[in-house]
Amino acid sequence: MAIKSILVLVAAIVVGVIVFSRGSVSDEVLKENLSGKVVLICGASSGIGEQLAFDLASIGAKVIISARRVEKMNGVKDKILSTYPNAEIGIVQVDFSDVSQSEGLVGEALKIFGRLDHLIINHASLEMGTFLTSPSQQKPEHYIRAFQINLFSFIQIAMSALEPLEETSGQIIVTSSTAGESPFVLNAIYSSSKHAMNGFFYTLHQELKYRKSSVGVTVAALGLIKTEPVEKAIEAGVLSGVPEFARGDLRETSRRMIEALVTRQMTVTYPYWSTVLARVMWQLAPTAMESEEMYDIALNMPNLN
């Protein structure tokens, strides 16, 4: 057990050195590689997806935003055009809980610009609360819907996109979570769906590599990101127990994911140290995740949807 612990710690340190020594991709390189490219973002009406759409448009990418709420997407589009009047933005409405709609998404997106260069699947269903104290989460219709959004729609969209992405040597990025790598009492259904999602897309990455496909897959393993609801929770003091190094900046999150379209790395880990710490703790000291303090945090956590 001691040898295993040492090996895991050494591996974490090595990965950290690699990540931090790699440096960031310059603005010039991003523009050179992404200007004029068509990027479809699923779940782009707010939060990380909205920031991705704005930042990609800023470097000249043609952006297609997809979500359930048309008025929210129009708001994102207007915000982008107010800053970048020449930006090319398309909109496709999809309810990701309906797998048949997810199946048709790529076809609708192709009608807008006639091609697809990259795909970012970012939408999620996240209802906060401990499973045993949340009767609504225990209903089959709830966790079936959660898996339809967090897993089945991801698979369907990715499979539908493979052929057009083969033609453009494109990249698929899926937004995952530290909850997909180590469990947390706060979100049993979300965590289990993300574990399943990680299993599928890491395996897809391997299969595509073995088949010498031109399509790459990146899993974005994200921790707590300071989206608007999280910022409000911080201001209210609800997340005061979460250290600053474990709170990821929204713009930095977007930047790292966009860079992955160019670097084509297998995993984006951010915030780095808190995410790696969660991985190591689950491997070396899983009982530390069972403390009363962790349970209290879970009970007091607001809904971040």
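The values are calculated or read from the model by the stated rules, or taken from the named source; none is laboratory data. Computed from a predicted model, the values in this text were never measured in an experiment. Every residue, glycine as well, gets a Cβ built from its backbone with ideal geometry; the counts of neighbours run over all protein chains shown. Just so you know, the surface numbers come from the protein's heavy atoms only, side chains and all, with ligands and any DNA or RNA stripped out. Shrake-Rupley method; radii C 1.70, N 1.55, O 1.52, S 1.80 Å.
Mind listing whichever residues of the stretch 193-210 are open to solvent by 50 Å² or more (accessible area, probe 1.4 Å), free of Cβ contacts under 8 Å to residues at least 40 places away in the same chain and closer than 20 Å to residue 179 by Cβ?
If the condition is that a residue be open to solvent by 50 Å² or more (accessible area, probe 1.4 Å), free of Cβ contacts under 8 Å to residues at least 40 places away in the same chain and closer than 20 Å to residue 179 by Cβ, then 195, 203 are the ones that fit.
Could you identify the single residue in 160, 191 that is modelled with pLDDT of 95 or more and touching a Ser or Thr at 6+ places or on another chain (Cβ under 9 Å)?
Just one listed residue meets the conditions, 160.
Suppose we filter the stretch 71-106 for residues that are in a helix (DSSP H, G or I), open to solvent by 70 Å² or more (accessible area, probe 1.4 Å) and under 22 Å from residue 150 (Cβ atoms); how many remain?
4
Among residues belonging to the stretch 163-182 that are in contact with a Ser or Thr (Cβ under 6 Å, 6 or more places away or on another chain) and crowded, with 18+ Cβ neighbours inside 10 Å, point out the one that is farthest from residue 284 (Cα to Cα).
173
Pairs needed: first member in the stretch 125-150, closer than 23 Å to residue 229 by Cβ; second member anywhere, open to solvent by 80 Å² or more (accessible area, probe 1.4 Å); C-beta distance under 6 Å; at least 6 residues apart or different chains.
The qualifying pairs are 126/305; 128/303.
Kindly indicate whether any position in the stretch 112-120 is more than 24 Å from residue 260 (Cα to Cα) and either open to solvent by 10 Å² or more (accessible area, probe 1.4 Å) or not polar (S, T, N, Q) (or both).
yes
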